[in-house]
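Below you'll find the structure, written out as structure tokens, and then a few comments.
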Amino acid sequence: MSVSRRTLCAAGALVLAGCAATGRDPRAASAELASTGKLRAAINFGNPILASRGASGEPQGVSVDLAREAARRLGVPIELVTFNSAGTVVEAVKARQVDLAFVAIDPVRAADMEYTAPYVVIEGSYLVRNDSTLRRNEEVDRAGTRVVVGRGSAYDLFLTRELKSATLVRAPTSPAVTDMFLAQNLNVAAGVKQQLESDARRVGGVRLLPGRFMVIEQAMGVPKGRTAAQAWLSAYIEEMKASGFVSGALKRHAIEGAAVAPART
């Protein structure tokens with residue numbers, strides 16, 4: 001073999017190795033994401049920004065669109081596995097009952113999950129009664145204040161770390177937060193801004209505190225150790241953001257208040 005041919009072959013081997021290392025080659029990713037013969041994607045109805053039920057009950061939303069497109073590109077069948085709370089989604093990922101999930105980035109969850117960069121950014125807000133003395137987010141963390149959150153949600157994990165004086169009360173799911181807030185005469189409800197705005201229109205007599213108490217980065221996640229899947233999905237999600245796929249999905253599903261996450265280099 002000539003020197004030039006050896007050099008060319010070596011260069012080609014390096015390119016292939018680099019592609020495998022960065023997830024550009026979908027074969028290793030497909031083996032991890034569809035080890036059962038199909039891609040099992042967790043869809044969380046507990047976050048209306050990500051997913052909801054269509055007129056006939058079928059899952060729809062930006063997370064559904066991203067999951068279907070990923071399966072199409074990998075050439076594997078997809079199974080949409082539905083949940084009503086982020087906490088149960090995380091448990092399913094830990095138990096490897098699903099291959100792909102759409103969850104908020106949180107350091108606690110990172111112990112059991114590999115994340116991509118975020119694809120959308122949403123806000124966490126507080127809801128109070130109209131006659132509440134609370135006017136600002138900073139006033140919530142006081143002794144005697146009871147704040148209800150969805151169990152295992154990003155807000156639960158964040159406020160568990162951040163609140164020093166207020167008491168957290170956990171609802172079974174995020175969509176149940178406002179009703180529990182009213183039924184148990186709690187002081188504050190915490191959750192996705194859009195969910196709380198919808199609840200405020202539904203129940204009346206309540207208001208959102210101005211601004212936000214946290215920014216939530218929504219990403220794709222896979223079970224811990226599936227690094228080939230994580231690498232391929234990371235490249236995939238950046239392409240979906242850059243191409244306008246994510247913004248188009250948000251518009252198509254009439255989602256307001258969520259922004260496409262910045263590109264991650």
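The values are calculated or read from the model by the stated rules, or taken from the named source; none is laboratory data. Treat the numbers as computed from the prediction; the structure is a model and nothing was measured. Cβ: placed from backbone, ideal geometry, glycine included. Neighbour counts: every protein chain shown.
Is it the case, given these coordinates, that LEU159 is buried (at least 16 other Cβ atoms within 10 Å of the Cβ), farther than 27 Å from VAL93 by Cβ, touching a strand residue (DSSP E or B) at 6+ places or on another chain (Cβ under 7 Å) and in contact (Cβ under 8 Å) with a residue 24 or more places away in the chain?
Considered against the rule, which asks whether it is buried (at least 16 other Cβ atoms within 10 Å of the Cβ), farther than 27 Å from VAL93 by Cβ, touching a strand residue (DSSP E or B) at 6+ places or on another chain (Cβ under 7 Å) and in contact (Cβ under 8 Å) with a residue 24 or more places away in the chain, LEU159 comes out as no.
Please enumerate the residues belonging to the stretch 94-111 that are surrounded by 17 or more Cβ atoms within 10 Å (Cβ to Cβ) and at pLDDT below 95.
VAL103, ALA104, ILE105, ASP106, ARG109
Given the conditions (1) free of Cβ contacts under 8 Å to residues at least 12 places away in the same chain; (2) touching a Gly at 6+ places or on another chain (Cβ under 7 Å), and given that ASN185 satisfies all but one, which numbered condition is not satisfied?
Failed condition: (2).
Name the residue, out of LEU196, LEU134, that is crowded, with 17+ Cβ neighbours inside 10 Å, over 22 Å from ILE49 (Cβ atoms), outside the structural domain of VAL246 (by TED's automatic domain parsing) and not basic (Lys, Arg).
Only one candidate qualifies: LEU134.
Need pairs with beta-carbon distance below 6 Å; first residue among the β-branched types (Val, Ile, Thr) and within the stretch 58-86, second in a loop (DSSP other than H, G, I, E, B) and surrounded by 20 or more Cβ atoms within 10 Å (Cβ to Cβ); sequence gap 6+ or separate chains.
Listed pairs, sorted by first residue: VAL64/ALA51; VAL76/ALA34; VAL81/VAL98.
Filter the stretch 33-88 down to the residues that are in a loop (DSSP other than H, G, I, E, B) and of a type in the set (Val, Ile, Thr) and list them by number.
THR36, ILE49, VAL76
Condition first: buried (at least 16 other Cβ atoms within 10 Å of the Cβ) and hydrophobic (A, V, I, L, M, F, W, C). Now tell me which residues in the stretch 137-156 satisfy that.
VAL140, VAL147, VAL148, VAL149, ALA154 - these are the residues of the stretch 137-156 that are buried (at least 16 other Cβ atoms within 10 Å of the Cβ) and hydrophobic (A, V, I, L, M, F, W, C).
Condition first: in a loop (DSSP other than H, G, I, E, B), of a type in the set (Asp, Glu) and more than 12 Å from the chain's Cα centre (by Cα). Now tell me which residues in the stretch 89-115 satisfy that.
Answer for the stretch 89-115, where residues must be in a loop (DSSP other than H, G, I, E, B), of a type in the set (Asp, Glu) and more than 12 Å from the chain's Cα centre (by Cα): ASP99, ASP112.
Out of all the residues in the stretch 18-31, which are touching a helix residue (DSSP H, G or I) at 6+ places or on another chain (Cβ under 8 Å), modelled with pLDDT of 60 or more and surrounded by fewer than 19 Cβ atoms within 10 Å (Cβ to Cβ)?
Scanning the stretch 18-31 gives ARG24, ASP25, ALA28, ALA31.
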